[in-house]
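All remarks here apply to the structure that follows.
Derivation of every value follows stated rules applied to the coordinates shown; laboratory data play no part. Every value quoted in this text rests on a predicted model; they were computed, and no experiment measured them. When we count neighbours, we look across all protein chains shown, and the Cβ atoms used for this are built from the backbone with ideal geometry, even at glycine.
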Amino acid sequence: MKDWPTTVVVPVLVSAGTATIALLTAAISSSMRRIAESAERRRRGYEDAVHALIAWTEFPYRIRRRTSDLSSCLDSLSNRGHDIQEELVRHRTWIRSENVILADAFDAVLDAVRPKIHRMCHTAWSSSPVTTGKEMNVGSLGPNGFDTVINQFLVLVSTRFWFRRIRFGHRRKLLRQLQLDSRAPLSPTIDPPPT
């Protein structure tokens, strides 16, 4: 009878401790898996946003390289332009809900490239359709300088996945460093270099 507490209590405590450790391990593993899946979804979201941004910067190329002014070709290009605009709005909305710092940076990139894209699209629509391979060389119409601002945005996106994420107080400082602050001019210029 004196051995009853030792023979019963010790195995029960060992079993309870083992079960507790197993449950904690499972909970931690599950949490880490959910965190990794969430980070992967965010990465894909930012990847898709940059893809839409690149498609927008290349849209004037598509317009300029059209091979006819038939309604079918114009409809196709117009639909492509609308799709890109819808994608950009969808990504702006998603980024705004995911991280306000990156949303401000994405908006700054859009604001920086928008005037040039509009000018380039106007120029491309005003040109005649291409009829030869030589005319496919569009020269300075291409997205000169857009890679600079897109890369600046990508640097900021990479900070979203650092172990120690950007603190709110460092927001303006980092945006100014990357020159994506709406109050700071974007540099280098996105206009094409003189030829």
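Descriptive notes on the structure:
- Length-normalised contact order for the range 8-106 - Cα pairs under 8 Å, 6+ apart - percent: 25 percent
- Residues 73, 121, sorted so that the one with the fewest Cβ neighbours within 10 Å comes first: 73, 121
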